[in-house]
Structure formats: structure tokens, C-alpha cells
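Only one structure is covered here, and it is reproduced in the block below.
Read-outs throughout are calculated quantities, based only on the coordinates presented, and are distinct from any laboratory measurement. Computed from a prediction, not measured in an experiment: that's the story for all the values here. Because the Cβ atoms are built from the backbone with ideal geometry, glycine has one as well, and the counts that use them run over all protein chains shown.
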Amino acid sequence: MALQATVETRQLPTSQALSRIGRAVRSNRKATVGTVLLAIFIVVALFPGVIAHDSPTLDVYKPHLGLSLAHLLGTTAYGQDMFAQLVWGTQNVMIIAFTAGLATTAIAVLVGVAAAYLGGLWDASLGVLTDVLLVIPLFPLLIVIAGYAQGGSTLVLIVVITATSWSYTARQLRAQALTLRGRDFLEAARARGERKLYIIVVEVIPTMTSLIVASFLTNALYAVLFASSLQFIGLGDPNTVSWGTMLYWAQNNAALQTGQAMWALAPGACIAALGAAFALLNYAFDEIGNPALRPVRSRQIKSRQIKSRQIKGSKRRA
């Protein structure tokens, strides 16, 4: 009976984790703003042809055209529509953000949680691998690897970013998993004879939902920044339509000096806005997971509400 009660109390918060996160997002202003911004970019990435009717690679227009109803951001030095490039480039950026973010987080979860729960030689070996990647400066390593894969496609960028960016998240998740290793629900699972892989995947990982989501948002943010930076310095495929390649061609054609500022400013602003969306959601999940980080005003309001309830209760008893 004791084991059954422990399992039931363990399953209840696991099944309601996503619904609690949803309610917390709706009640947090940072999370709401970040969700709206991210949703806008997702819609643009899913339906670029509906928003921009021109081809992003078609060079049949007059070069160096200014802003107009026909070309909302003007045309490039090659006669391409900038607005079409910006809209279609969103798809490439979002693919990199979500694919690299999910892959990096998945590797970090498996390595970090497995190292913490298995302990011993597994923890030592995985810890050494994680520490080696943490010591090596990340962006120079990305430049070196991407340099060997000259003209790297989107898939190459995703693989490079994923292979080099999981170590910090794995270290965070390992520390969190260490605090769970001696909990009652894990002892109950071991007493039932469950396998270690089952305990890690079904019992340990669901209790870390909030931290895993926050880690994914951080990894997705850095994936966008790293990919755009590599494309900007010419280590991506220059023929790919993306915000980073727009910045690359804008720099090559001295866009800011030749009166084509939107060629550089528009993709830069989009990178900043998408980064802000991921950052706001990340800050919001930190506040949701750690009450000490929540705004002082909200804590004061809650304390006043609790005090008023206590006063009303004491009056009723009197």
C-alpha cells in the first residue's frame, strides 16, 4: 500500500506538469510577450508564400530600389526583393532553432541525468567528456569545425552546433538530477524491480520538465545566434536564404554605405526580436520554477491576500 501511494502521488504531478506550465505562462507577462513573439515567427516560417508573394532568389527587379508598396523593404544590389528574403529566411532560422535546440537538449538530458543516476564510472566518464567541452571556447571551436565544412548546408550547421553546445546544459541537469537520486518515488521504482533506463526516462526526467523547457529555450536561442554568426562571416552556404546570409551579402555590398540600410537592419532586428522571445520565455520559466525570482510586486500582492484571508478567518471564528 505504501509503494502504491508513493507511485500515485508521483504520477499525479507528472501528468499535470504541462497544464501547470501552461497556466504559469498565461499568468506571467514575460512569458506572454515571449509566446506572442515566438508564435508570430512560427506562423511566418510555416506560411512564407502567403506573406511574401515574390521569390527570394528571383533577380528580375531593378537593383537598389527604395521602400514602396511593391517592395516593402526595397530591393538588393542584385535586384532581389528584400522582404521576400526576410520572410523566407525565417523558415531556415526556425528550422535551425528548433532542430538544434531539441537535439542539444536531448543529448544534454541523456548525458546529465544518466551520469547523475548511474554514478560511479559512468558519472566519471561522462563528467570528463562534459568538462572537456566546457573548457574549450565554443565559438572558436564552431568556426574551426565549420571552416573544414566549407559552404556548410543547414544540416551541417545543425550538426556542428548540436555536437558542441550540449555540455553546459548537461552539467545543469546533472546537478538537478543528483538532488532527486534518493527520493522516495525512485526507491519505490527500484523496489518494484524497474530497469535503470526505465527509471531515468519515466521517473526522473518528467520531474525536471520546467528546467528542461528552460534549457531548450536557451539552446534554441544560442543556435540562432551561432548559426547567424557563422553565416554572416561566410562559413555557411551563401546561397541559402536566411537572415545570416542576408547580413553576409549586405556586408559584401556595403549596404550601410550605399543607402541600403534595410538590407542589414531588417535581418538584424529579426534576430534580436527572436532572441528576445526566447530570452523572455527563459526568464519567465526561471521565475515560475524559482519563487524567489518572481517580481517583488506579485509577492507583495500574494502576501496581502494571504493576510486578508487570515484576518477574515479570525473574525469569523471570533
Give the span of the range 96-151's Cα atoms along each principal axis, as three whole-Å numbers ordered largest to smallest.
42, 25, 14
Does the range 215-263 classify as rounded, prolate or oblate by the C-alpha gyration tensor (a ≥ b ≥ c root eigenvalues; a/c under 1.5 gives rounded; else a/b over b/c gives prolate, otherwise oblate)?
prolate
Once the principal axes of the Cα atoms of the range 55-179 are found, what is the range along each, listed largest first in whole angstroms?
67, 30, 18
Counting other Cβ atoms within 10 Å, keep those with at most 16, restrict to DSSP loop, and tell me which GluC sites (Glu not before Pro) in the range 103-209 are left.
GLU194
Once the other residues with Cβ under 14 Å from the Cβ of PHE278 are scored (Lys, Arg +1; Asp, Glu -1), what is the net sum?
0
